[in-house]
Amino acid sequence: MTLEGARERWVRTGGVELCVAELGDPAQPTVMLVHGYPDSKEVWSEVAARLAGHFHVVLYDVRGHGRSSAPQPLRGGFTLEKLTDDFLAVADAVSPDRPVHLVGHDWGSVQAWEFTTVKRTEGRIASFTSMSGPSLDHFGHWIKKRVSRPTPRRVGQLLGQGAKSWYVYLLHTPVLPELAWRGPLGKQWPKILRRLEKVPGGDYPTPSLPTDAAHGAWLYRDNVRARLRRPRADAYAHAPVQLITPLGDVFLSEKLYDELELWAPQLTRRTLPAKHWVPRTRPDQLAAWITEFVTTTEGGRTTSAATGPYADRFGGQLVLVTGAGSGIGRATAFAFAEAGARVVAVDRDAESAARTAELSRLIGAPQAWAETVDVSDEQAMEKLAEKVAAEYGVVDVLVNNAGIGLSGSFLDTTSEDWRNVLDVNLWGVIHGCRLFGKQMAERGQGGHIVNTASAAAYLPSRTLPAYSTSKAAVLMLSECLRAELAGQGIGVTAICPGFINTNITSTARFTGVDAVEEKRRQKKSARLYGLRNYPPEKVAEAVLRAVVRNQAVVPVTAEARGGRLMSRFTPRALRAIARMEPPL
Ligand code: NAP
């Protein structure tokens, strides 16, 4: 990871010389990326490359790191006041007439909180995107509140964060951290990082690492204890803030950001399933969120338009739903749209797919497209996957939902019936998982696949042998794939709805009967599903929740949940029910 094509300059301030790199057009808004500990500006390489097409991107090595010189003496040379001087000097050099959009990770975020909350930078910061680095003032108040007014929950939070902060105590010890970094820790760090983060990206040349890390220990020693003991009472952000919280951060608890709105009234929250070093592991997502936030702030808006319950998680993500022209697929596309996701609505019916895309835009999707594809057609799916990757990007969430119903005894089901139902219900899911799952895995930045199975996957019946077999296969496929992709940060969920009031009852085929009887049965089942009246919107809610919680198998409706329990604990009872005559 290097900053290819960057222009370099040096900025002198307060006795140090800072190495500053610039990418992109200086006439565009300036986005300034501040790195953390123990990193140098190169940690931002992947994000910077993605932002450079839209913005003037500026990065600098924090004093004592990378190619910037270190203050002498070190003690007292890394105070937040001096770091603020550095920021202002760089901002004045690269963007003298326009405020900059700050982005900070880890200690870069800790110091950027200082820049965004002190008076002397007012008017110099247009927005601030913070990740994995709290304000020391807010953290100080957070601790005080929990110590002075303890409740079991607050004490638990305090102990939880205390345990995650073990390294902060170590960094306060004299000499030891320096010795460790210049010795085995420095050598092993890339390997440790790769293991910690479990994704590629940990390995890049870090020639200055031992020195950076040794210098950076003063960031902690010069600031943490003093500021946590006496946090400022007026540490209010004077610019809009976007908070990106990786939910798997081993160093910081998400609870630290409870009530952050008190300090940052113009706050947009984002969450993502990732560990601490998101600039390396999730550059696409960060670049998308930074771009959206900077663009909306420049346009005079301060918070995201999306209002859905999971807007913090799915805003700006690319979600593809098959069978999106009707029922559960359409409701799922709408729920993601409401959460601010970019939606690709796929259906074999062009008109209904187009309608879903159009309504998704009205509901809140920043972008939505319709694609007409039969999911059972392998070549058409291959073309779709190529087109989506080339024009919209790698899908973050894939929902393989398209499916058809088929009812009738095994002996009345022809080979062609079997082929039809398996082609759509199973092969459609296989094509989706194979093509889009491969793209997700190759990108190496995680993702999620949802496959719509059915409660029929685990409930035997004498009337749905082909349909149930197809859904049982989807359930097992999902479990196997979940095991395979877990190491790459890709979750897989099988959704198992019970009776949902959709159009499937009117389009499902009935074997072994003539056309008139088939129509009668379709009408009757539509009536029965109508009486049950469980709306597809509730299944959509379960889909979004399942992705957020990375659930493996999700039965939806009481009958689906009850059936799942019976299949585990009383399978003989289920077999007896399966033998009963159907009501149709
Ligand atoms: P729906 O209202 O009929 O919606 C299914 C959509 O998928 C329709 O727009 C359909 O288009 C489309 N589709 C069908 N075959 C396709 C193909 N080969 N390629 C692309 N699109 C195709 O049914 P739904 O109830 O929402 O069903 C969605 C999923 O949930 C299915 O997998 C179904 O098996 C499953 N499910 C449903 C229930 C339930 O009670 N409704 C219960 C459990 C599981 P056409 O209208 O042109 O066919």
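The values are calculated or read from the model by the stated rules, or taken from the named source; none is laboratory data. Computed from a predicted model, the values in this text were never measured in an experiment. Cβ: placed from backbone, ideal geometry, glycine included. Neighbour counts: every protein chain shown. Side chains included, ligands, DNA and RNA excluded: accessible areas come from the protein's heavy atoms. Shrake-Rupley method; radii C 1.70, N 1.55, O 1.52, S 1.80 Å.
Observations on the model:
- Residue list for the range 458-470, filter: near the ligand (Cβ under 9 Å from one of its atoms) and open to solvent by 10 Å² or more (accessible area, probe 1.4 Å): TYR467
- Selection over the range 49-81 of residues that are under 14 Å from GLY216 (Cα atoms) and either of a type in the set (D, E, K, R) or not assigned by TED's automatic domain parsing to the domain that holds VAL100 (or both) gives a count of 4.
- Residues satisfying the stated conditions in the range 113-143, i.e. within 23 Å of the chain's Cα centre (by Cα) and aliphatic (A, V, I, L, M): MET131
- Condition broken by ALA287, with the remaining ones in (1) surrounded by fewer than 24 Cβ atoms within 10 Å (Cβ to Cβ); (2) in the same structural domain as ILE430 (by TED's automatic domain parsing) satisfied: (2)
- The residues of the range 36-63 that are of a type in the set (Val, Ile, Thr), more than 11 Å from CYS19 (Cα to Cα) and in contact with a Phe, Trp or Tyr (Cβ under 8 Å, 6 or more places away or on another chain) amount to a single one, VAL43.
- Qualifying positions in the range 386-404 - surrounded by fewer than 23 Cβ atoms within 10 Å (Cβ to Cβ), within 16 Å of the ligand (Cβ to nearest atom) and within 21 Å of HIS448 (Cα to Cα): LYS387, VAL388
- Residue selection: ALA52 satisfies the criterion of being among the hydrophobic types (A, V, I, L, M, F, W, C), farther than 24 Å from ARG120 by Cα, crowded, with 18+ Cβ neighbours inside 10 Å and modelled with pLDDT of 95 or more.
- Some residue of the range 548-560 being within 16 Å of the ligand (Cβ to nearest atom) and free of Cβ contacts under 8 Å to residues at least 12 places away in the same chain: no
- Restricting the range 301-353 to residues that are of a type in the set (D, E, K, R) and buried (at least 24 other Cβ atoms within 10 Å of the Cβ) leaves a set whose member that is nearest to the ligand (Cβ to nearest atom) is ASP347.
- Residue in the range 354-370 that is open to solvent by 20 Å² or more (accessible area, probe 1.4 Å) and near the ligand (Cβ under 9 Å from one of its atoms) present: no
- Exactly one residue among ILE495, ILE490 is open to solvent by less than 40 Å² (accessible area, probe 1.4 Å), within 15 Å of the ligand (Cβ to nearest atom) and in the same structural domain as ARG561 (by TED's automatic domain parsing), and that residue is ILE495.
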